[in-house]
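Written below as structure tokens is the structure these notes are about.
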Amino acid sequence: MSRRTWLIVVAALLLAASIAGLGGAASAYFPASAPAGLSPGSSTGPASTSGKATPFDCSQIDKLHIAKQTNMRAYQILVQCGRIKPGDTSPINPPVVGGDLGKLTRPFIGGADVNAILPDGTYPHVTQSESMVWGHGNTIVVNYNDSRTAPNCYSGIATSVDGGATFAHVGQPLCSGHGTNYGDPTVVYNAALNAWYATDLATGCGGFGIGVWTSPDGITWTAGGCANNGGNDDRQSMWVDNNPASPHYGRMYVSWNDFNTPNANLRLSYSDNATTWTAVTLESSNF
């Protein structure tokens, strides 16, 4: 078998394994049960900084594009307004790449897999999802959704200081400083500022905007400013210009959908110091 044919076979096997795991993975993105104290069909909303639910008018679901959003608050709203049923609480066993398939793919995807989130939470608070990974030198940081303290917080951080050989769950440092953290994680290392930066959706940034945290080492984190003070943000991404030859060396960019606009406009916010953020509208066409 030629090398090209062998690569095609490996790619096909990987695609088949991924498709096989999609059906059971969808509910893993959501908490097993909705917050207590809320009645279906009436009103619900994100947790406030005190941990209590704030009202949400269910008649506004379509206007605010709640069903198109992919964050934990949107799920809570849809459940409590009777649009969807709560997720299945049975354990989910994700597909594992092993055996002959593992032997075939290992030369392309590195060595043995490492569990980055141990120790895990207590069932049913054992869901992790939507991770973003960034590495600098021997330090690798994973920012991800973590349900171990849901519904009070959906954030988790894991860090490796040995190039990914081992990871340590450093707790939930992004759970403080910006009200309730609803996840949707990003993380980057800014070479110009010699620091790590992470963002999550947070109630302390305008009601439901994008909070920023900073760290000197990927382990100890401090709340910073808000990349955006919004009321209905979702699906943010983050990048940093680490090219020393660039005129914007050190500039950080955060993009997101603004679901408070009729067309769920795509927005961008940028900063050279993580303190002052400038927002611009990128796209105004229908979402």
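The values are calculated or read from the model by the stated rules, or taken from the named source; none is laboratory data. Because the structure is predicted, anything quoted here is derived from the model rather than measured. Using ideal geometry, Cβ is built from the backbone for each residue, glycine included, and neighbour counts are taken over all protein chains shown. Surface areas here come from the heavy atoms of the whole protein model, side chains and all, with no ligands, DNA or RNA. Shrake-Rupley method; radii C 1.70, N 1.55, O 1.52, S 1.80 Å.
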Go through 282, 266 for me and flag whichever is in a strand (DSSP E or B), surrounded by fewer than 17 Cβ atoms within 10 Å (Cβ to Cβ) and at pLDDT below 95. 282
Extreme residue, surrounded by the most Cβ atoms within 10 Å (Cβ to Cβ), among residues of the range 63-87 that are of a type in the set (A, V, I, L, M) and in contact with a Cys (Cβ under 9 Å, 6 or more places away or on another chain): 77
List, please: which pairs have Cβ atoms under 8 Å, are six or more places apart or on different chains, and start with a residue in the range 228-240 that is without any contact (Cβ under 8 Å) to a residue 40 or more places away in the chain and end with one that is open to solvent by less than 10 Å² (accessible area, probe 1.4 Å) and of a type in the set (A, V, I, L, M)? 230/210; 233/201; 233/210
Please work out if residue 243 is at pLDDT below 95 and among the polar types (S, T, N, Q). no
Scan the range 162-169 and give yes if some residue there is of a type in the set (D, E, K, R), closer than 17 Å to residue 133 by Cβ and buried (at least 21 other Cβ atoms within 10 Å of the Cβ), otherwise no. no
Any idea which of (1) open to solvent by 10 Å² or more (accessible area, probe 1.4 Å); (2) farther than 22 Å from residue 258 by Cα; (3) assigned to a strand (DSSP E or B) is the one residue 141 doesn't satisfy? (1)
Those residues that are farther than 27 Å from residue 229 by Cα and of a type outside the set (A, V, I, L, M), I need them from the range 149-186; list them, please. 159, 160, 162, 163, 164, 166, 167, 169
So, residue 200, is that one crowded, with 21+ Cβ neighbours inside 10 Å and in contact with a Pro (Cβ under 6 Å, 6 or more places away or on another chain) or not? yes
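To keep it simple, each residue is scored yes or no on (1) in a strand (DSSP E or B); (2) among the charged types (D, E, K, R).
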{"site": "121", "(1), (2)": "no, no"}
{"site": "126", "(1), (2)": "no, no"}
{"site": "135", "(1), (2)": "yes, no"}
{"site": "192", "(1), (2)": "no, no"}
{"site": "200", "(1), (2)": "yes, yes"}
{"site": "213", "(1), (2)": "yes, no"}
In the range 177-196, anything under 23 Å from residue 232 (Cβ atoms) and among the hydroxyl-bearing types (Ser, Thr, Tyr) is listed as 180, 182, 186
Look at the range 172-197 and say how many of its residues are closer than 12 Å to residue 215 by Cα and either aliphatic (A, V, I, L, M) or open to solvent by 10 Å² or more (accessible area, probe 1.4 Å) (or both). 9
Number of the condition not met by residue 246 [criteria: (1) part of a loop (DSSP other than H, G, I, E, B); (2) open to solvent by less than 40 Å² (accessible area, probe 1.4 Å); (3) of a type in the set (Ser, Thr, Tyr); (4) under 21 Å from residue 157 (Cβ atoms)]: (4)
Would you say residue 213 is within 30 Å of residue 64 (Cβ to Cβ), surrounded by 22 or more Cβ atoms within 10 Å (Cβ to Cβ) and touching a Ser or Thr at 6+ places or on another chain (Cβ under 7 Å)? yes
